[in-house]
């Protein structure tokens, strides 16, 4: 009987030990499952934060691009050959909108009656422009030839000598015999100048 009681005691102890182990294993599995769930939630939050950060960066990049292209730089395509050979039909030009002062021979983008033009500054405010029958352009009595290949004949309704008003520019196309410029449009207000051309992307390079 004593041996039997001992056997039953060992069996009971083994059962208790097994039960404790099983409980410990269940608790461990529970802790592991909770840790895995917490890790999964943490990763989801990190991915969500990553997407939000990426979205914010894209919005900021788009805003910076919009500001650059609408407030600082201008990109436009040349239409026609009024500035040939410096610019050709289809070329892309990049202009700087924040230019404060313009000098003679600067190439600018300007607007008249809602239509965009590109030309070279021949004279500025208070300058006196004279065009004679030989096709010579004179500014303040000095002949302006430079690298222009074509004669500059008087066209339109302006009378010469012509005094350019203060705050205006006298702008001409390089292809003087095949262009619309200040000879027909009159002096261009500085307010209508959209920017100074700073670089060109040739059509053949597109």
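Quick note: the coordinates plus some simple rules give every number you see, no bench work behind them. Every value quoted in this text rests on a predicted model; they were computed, and no experiment measured them.
General observations
- From its DSSP helices (H runs of at least four residues, each -39,500 (n - 2.57)), the chain gives a residue-normalised ellipticity at 222 nm of -12500 deg cm²/dmol.
- Once mean projected area of the Cα convex hull in nm² is calculated for the structure shown, the corresponding label among [x] 19.9; [y] 10.6; [z] 14.4 turns out to be [x].
- Mean separation of Cα contacts under 8 Å (6+ apart) over length of region 100-183, as relative contact order %: 29 percent
- For the chain, the longest principal axis of the C-alpha atoms and the axis of helix 2-67 are separated by about 10°.
- Between residue 58 and residue 75, the contour length at 0.36 nm per residue exceeds the Cα-Cα span by 3.9 nm.
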